[in-house]
Amino acid sequence: MGVTSQRELSVFLTGGTGFVGRHVARRLAERGHQLRALVRNPESADALQELGAELVRGDVTQEAGLGEAMAGCDVVVHLVGIIREKPPAMTFEDIHTRGTLRVVQAAGRSGVAKFVHMSALGASPQGTAYQRTKYEAEELVRRSGLPYVIFRPSIIVGAGGEFVDILLRLLRLLPVTPVIGDGSYRLQPVDAEDVAAAFAQAAERDELTGECFEIGGPHKLTYNRILEIVGEEHGLRRPRIHVPVGLIRPFVDLATNWRLPTPINSEQLSMLLEESIVPGEKNTLREVFGIDPTSFRSVLQRLAGARHKGSE
Ligand SMILES: NC(=O)c1ccc[n+]([C@@H]2O[C@H](COP(=O)([O-])OP(=O)(O)OC[C@H]3O[C@@H](n4cnc5c(N)ncnc54)[C@H](OP(=O)(O)O)[C@@H]3O)[C@@H](O)[C@H]2O)c1
């Protein structure tokens, strides 16, 4: 942390206003790199401006100006992605597949030296529409002819992230916490700060190229255990009630088909049940990036500490 890179890069960043993007932008700026950020709405990009980023108004669903915007940049860091579709305006194909194609093509035309791309654990041609389009975007990057690094993280946690907030809301609002199925499906929560550090290294280290890294935190935790840890850290120990998947699935599917607002949609339910963990015992963050991955509990303690400081 706080150590500047030996080489100052000019980085074109997409998705810099998002949860992960804010962490990545800060890390890149701390490392002494110049940021040029593609933003849809410059008025809501104060945090990027405070980091000295140059803002370029644009949208990955529009071709216009993307190539010019990247001119002179050394590296593209492409984070834009959505977890829920808002059809017809915003589908996974629009954002992940066609959006990435536009950014990749513009990067090729601009002659950038590296493309660092955000995918997701589970990206696959056979998966849900989210996973399929994440895979298609990866393929576009792999076939671009550009030196690239792709990251596939498990669930990312940290300041500004939704995951912990949703669990906290459940624990606070309900005397008994509902769990879909037996809760034994595992996730490998990874600290947004660690993800950001890995992205910065991918931008800086020339020898990291042509690689797709699956990344996760130090522990593979069942959903039940995650709930327990959040409860322990916040003094909110609650009994759980397990709702059979067969009972909940028809309601979730119906709500998804009717586009009703639900805490979880059909695709998210499938992805949750299929787990989000990196196969094997080795941790890529440690092995490749020399990062000691932060535990989920430590992230929670850091977040609570920051909240406490903020309320003083
Ligand atoms: N969060 C996780 O646990 C997780 C795990 C694995 C992978 N990922 C991947 O990480 C990436 C970032 O996720 P996140 O959690 O940070 O999401 P997020 O908070 O929703 O941020 C998404 C970012 O993409 C931008 N964006 C959306 N549509 C755009 C468009 N049409 N043109 C330009 N920018 C657009 C948003 O800009 P606005 O501010 O204008 O909306 C925002 O900066 C995604 O690719 C996601 O799939 C996330």
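The values are calculated or read from the model by the stated rules, or taken from the named source; none is laboratory data. From a predicted model like this one, the values you see are computed outputs, not experimental measurements. Backbone-built Cβ (ideal geometry, glycine too); neighbour counts: all protein chains shown. The protein model used for the area step is the full one, side chains on, heavy atoms only, and it has no ligands, DNA or RNA in it. Shrake-Rupley method; radii C 1.70, N 1.55, O 1.52, S 1.80 Å.
Explain nothing, just compute: Karplus ³J(HN,Hα) = 6.51 cos²θ - 1.76 cosθ + 1.60, θ = phi - 60°, for every residue of segment 148-154 in order, whole Hz, x for Gly and Pro.
Each residue of segment 148-154 in turn: 9, 9, 10, 10, 10, x, 6 Hz.
Putting +1 on Lys and Arg Cβ atoms and -1 on Asp and Glu Cβ atoms, find which of 294, 258, 200 reaches farthest to the positive end of the dipole of the chain.
Towards the positive end, the residue furthest out is 258.
If the chain between residue 43 and residue 6 were fully stretched, how many nm would it gain, using 0.36 nm times the residue separation less the Cα-Cα distance?
10.1 nm
Taking R0 as 25 Å, what FRET efficiency do you get between residue 287 and residue 166 from their Cβ-Cβ distance, rounded to the nearest 0.05?
That pair, residue 287 with residue 166, gives E of 0.20.
Consider a paramagnetic label point 7 Å from the Cα of residue 258 along Cα→Cβ; state which residues of segment 127-169 have an amide N under 20 Å from it.
Taking a point 7 Å out along Cα→Cβ of residue 258, no residue of segment 127-169 has its backbone N under 20 Å.
Would you mind putting 172-181, 134-143 in packing order, based on average other-beta-carbon counts within 10 Å, highest first?
Ranked by mean Cβ neighbours within 10 Å, highest first: 134-143, 172-181.
Would you calculate, for the chain, the mean residue ellipticity at 222 nm contributed by helices, counting each DSSP H stretch of 4 or more residues as -39,500 (n - 2.57) and dividing by all residues, to the nearest 500?
-12000 deg cm²/dmol
Compute the distance in nm between two label points, each set 7 Å from the Cα along the Cα-to-Cβ direction, one at residue 93 and one at residue 274.
Output for this residue pair reads 1.9 nm.
Quick query: amide H of residue 213 versus all other amide H atoms, modeled in the peptide plane; which residues come in under 5 Å with a sequence gap of 5 or more or a different chain?
150, 151, 152
Please turn the phi angles of segment 26-36 into ³J(HN,Hα) values with the Karplus equation 6.51 cos²θ - 1.76 cosθ + 1.60 (θ = phi - 60°), one per residue in order, whole Hz, x for glycine and proline.
5, 5, 4, 5, 4, 7, x, 8, 8, 10, 10
Hey, what's segment 269-312 come to in accessible area per residue, 1.4 Å probe, Å²?
Result: 60 Å² per residue.
If you find the alpha carbon centre of segment 218-279 and of segment 59-105, how far apart are they in angstrom?
For segment 218-279 versus segment 59-105, the Cα centre distance is 30 Å.
If you put +1 on each Lys and Arg Cβ and -1 on each Asp and Glu Cβ, how big is the dipole of the chain around its Cα centre, in Debye rounded to 20?
Its charge dipole is roughly 540 debye.
For a quick protection proxy, order the peptides 69-81, 153-165, 35-47 by their average other-Cβ count within 10 Å, most packed first.
69-81, 153-165, 35-47
Can you bin every Cα-Cα distance in the chain into 20 Å intervals starting at zero and give me the percent of pairs per bin, rounded to whole numbers?
Percent of pairs per bin, in order: 31, 59, 10.
Using 7 Å Cα-to-Cβ label points, what is the residue 236/residue 68 separation (nm, one decimal)?
Placing both labels 7 Å along Cα→Cβ, they lie 4.8 nm apart.
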